[in-house]
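The values are calculated or read from the model by the stated rules, or taken from the named source; none is laboratory data. Everything quoted here is computed from the prediction, not taken from an experiment. FYI the Cβ positions are ideal-geometry reconstructions off the backbone, even for glycines, and counts take in every protein chain you see. Side chains are part of the model used for accessible areas, which takes the heavy atoms of the whole protein and leaves out ligands, DNA and RNA. Shrake-Rupley method; radii C 1.70, N 1.55, O 1.52, S 1.80 Å.
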Amino acid sequence: MDLTVGPNQFFWSADRWAAFYDDLAAAPVNRVVLGELVCSKRLPFFQDRIPDAISTLLTAGKEVALTSLALVTLKRERKQTAELIGMGVEVEVNDLTALAHLPQGTAFSVGPLVNVYNEGALAWLAARGATRVCLPPELPLTSVATLAKAGADLRVMIEVWGHGRLPLAISGRCYHARMHNRTKDNCQFACEDDPDGLDVRTLEGQPFLAMNGVQTLSDSYACVAYQIDALQDAGVRALRLSPQSNGFGAVCGLYRQLLDGQKTPAQVTDAICQLDANARLSDGFLTGDRGVDWSGSRT
């Protein structure tokens, strides 16, 4: 089973962003998706670093793709989406409006923000040129297995969300700006202060969600360590690891060791929790009654 690093969902400084991808060149992953997924206002801060990052990763033997924005609303954003084609690498579509800029027959991949919930949607995307689909993280294991079988018939590689805060929603409003009593157009990039998202709690003080500019994320970090055998049996061929600011290289190594049979799920999850003692893990969308459920709590 392959490992994919998904696009960074957060706003980091250009130097931190570039260093992250330099480090990924040595990480035991097969594929890296980079670019701006959440907010187009962030892109100018690191846009000039993208060609060097692509070159570094390709030289290291990684497959590389560029993500489209999750929500395209402005003429400037449509232009940026169209320009992805000229970068010379595969495009990962996270908003179907990006297909308008892809010539018919051009191979592309599909990210987890596109709602591929059934065989019909998968077949339509395959006919349009999709060769790889990362399924939405809220699908149960039974649906994953059905789509993995259909993907094998269509020669479309099926990937699932393996680790990281789950993307739940994208809005036209910026929560970070609103919290600081700023407008979206004058946000002053408040989201940079929260490199893994801002924790949101209920009125009773219970962990609930995470806020990332215009994006809503899960409070818990998805972790499929206890589901590896079931996912392999279902026909899933890749896991997606979502970047985090602390110890991500170690996270990549832990999942590689797990897939290679060198570590147990308990060893991997214990090591992940040692990287951040406050992180909560979940895998409930696959097999639980609720997305926040965690198989590790039953061991």
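List of remarks:
- The set of residues in segment 277-292 that are within 20 Å of the chain's Cα centre (by Cα) and assigned to a loop (DSSP other than H, G, I, E, B) comprises A279, R280, D283, G291, V292.
- Failed criterion for G296 (all others in (1) open to solvent by 40 Å² or more (accessible area, probe 1.4 Å); (2) modelled with pLDDT under 95 hold): (1)
- Any hit, segment 262-276, residues being over 30 Å from A177 (Cβ atoms), touching an Asp or Glu at 6+ places or on another chain (Cβ under 8 Å) and in a helix (DSSP H, G or I): no
- When segment 53-85 is limited to residues that are in a strand (DSSP E or B) and open to solvent by less than 60 Å² (accessible area, probe 1.4 Å), the one that is nearest to Y21 (Cα to Cα) turns out to be V64.
- Taking the listed residues D23, D52, the one that is more than 23 Å from C134 (Cβ to Cβ) and among the acidic types (D, E) is D52, with no other qualifying.
- Qualifying residues in segment 16-31 (those that are over 16 Å from F189 (Cα atoms) and out of contact with any Ser or Thr (no Cβ under 8 Å at 6 or more places or on another chain)) - the one surrounded by the fewest Cβ atoms within 10 Å (Cβ to Cβ): A26
- So T216, is it loosely packed, with under 15 Cβ neighbours inside 10 Å, farther than 30 Å from D153 by Cα and either at pLDDT 95 or above or among the acidic types (D, E) (or both): no
- Selection from segment 267-288 of residues that are in contact with a helix residue (DSSP H, G or I) (Cβ under 9 Å, 6 or more places away or on another chain), small (G, A, S) and free of Cβ contacts under 8 Å to residues at least 40 places away in the same chain: A271, G284, G288
- Residues in segment 32-52 that are surrounded by 22 or more Cβ atoms within 10 Å (Cβ to Cβ) and outside any loop (DSSP other than H, G, I, E, B): V32, V33, L34.
- Considering segment 133-150, and only residues there that are open to solvent by less than 50 Å² (accessible area, probe 1.4 Å) and free of Cβ contacts under 8 Å to residues at least 60 places away in the same chain, the residue that is farthest from L217 (Cα to Cα) turns out to be A150.
- Residues (assigned to a loop (DSSP other than H, G, I, E, B) and of a type in the set (D, E)) located in segment 219-261: D260
- Test: residue in segment 210-218 that is of a type outside the set (F, W, Y), farther than 21 Å from L34 by Cα and more than 18 Å from the chain's Cα centre (by Cα): no
- Filtered residues of segment 108-132 (kept if under 21 Å from L37 (Cβ atoms) and crowded, with 19+ Cβ neighbours inside 10 Å): F108, S109, V110, G111, P112, L113, V114, V116, L125, A130, R132
- The listed residue being hydroxyl-bearing (S, T, Y) and in contact with a Leu (Cβ under 9 Å, 6 or more places away or on another chain), out of T183, T216: T216
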